[in-house]
Amino acid sequence: MITRSVYIGTPSYLKLKDEQVYITEPSTGKTKGKIPIEDLGLLMLDHFQITIFHQLIQKMMGNHVVIISCDALHLPHGIMLPLYGHTEYSERIKNQINISVRLKISFGSKRWKIK
């Protein structure tokens, strides 16, 4: 299935309506566009005045959409991935969370020796 990558670099409101992402301009309230959620694969947010509703985030996570947030230099700053989308990914996250303190210290000392 082919998915769309959407970049938003202007002030916008993003909300969920009729199973679609509605992109609205805050100053005028006019809808700039709408995208069916099932068509989305990646959403890149590159402006500090973007408002996104939590209901929309939850719906996108349910449809395996990756959300990337950019910083002031327009570089990727953070990523939001659905955890339940793939069993291997979920298992890796669980293993990383449950790692012992002793093992963390061991990994840290090895990392510093390599550099």
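The values are calculated or read from the model by the stated rules, or taken from the named source; none is laboratory data. Here the structure is a predicted model, which is why all the values come from computation and not from measurement. Don't worry about glycine lacking a Cβ; one is built from the backbone with ideal geometry, like all the others, and counts go over all protein chains shown.
Where strands (runs of 3 or more DSSP E) fall wholly inside the stretch 26-66, the ranges with 1 or more residues that are free of Cβ contacts under 8 Å to residues at least 40 places away in the same chain, within 19 Å of residue 79 (Cβ to Cβ) and not polar (S, T, N, Q) are 40-45, 50-52. Just one of the listed residues (29, 41) is touching a strand residue (DSSP E or B) at 6+ places or on another chain (Cβ under 8 Å) and modelled with pLDDT under 95, and it is 41. Number of residues in the stretch 23-53 that are closer than 10 Å to residue 13 by Cβ and either surrounded by 12 or more Cβ atoms within 10 Å (Cβ to Cβ) or in contact with a Leu (Cβ under 8 Å, 6 or more places away or on another chain) (or both): the value is 10. Say we look at the stretch 1-21 and pick out the residues that are farther than 23 Å from residue 76 by Cα and part of a strand (DSSP E or B); which of these is farthest from the chain's Cα centre (by Cα)? It comes out as 17. The residue of the stretch 54-109 that is nearest to residue 21 (Cα to Cα), among those that are within 19 Å of the chain's Cα centre (by Cα), loosely packed, with under 10 Cβ neighbours inside 10 Å and at pLDDT 80 or above, is 54. For the stretch 29-42, a residue qualifies if it is touching a Ser or Thr at 6+ places or on another chain (Cβ under 8 Å) and closer than 16 Å to residue 67 by Cβ, and the qualifying residues are 39, 40, 41, 42.
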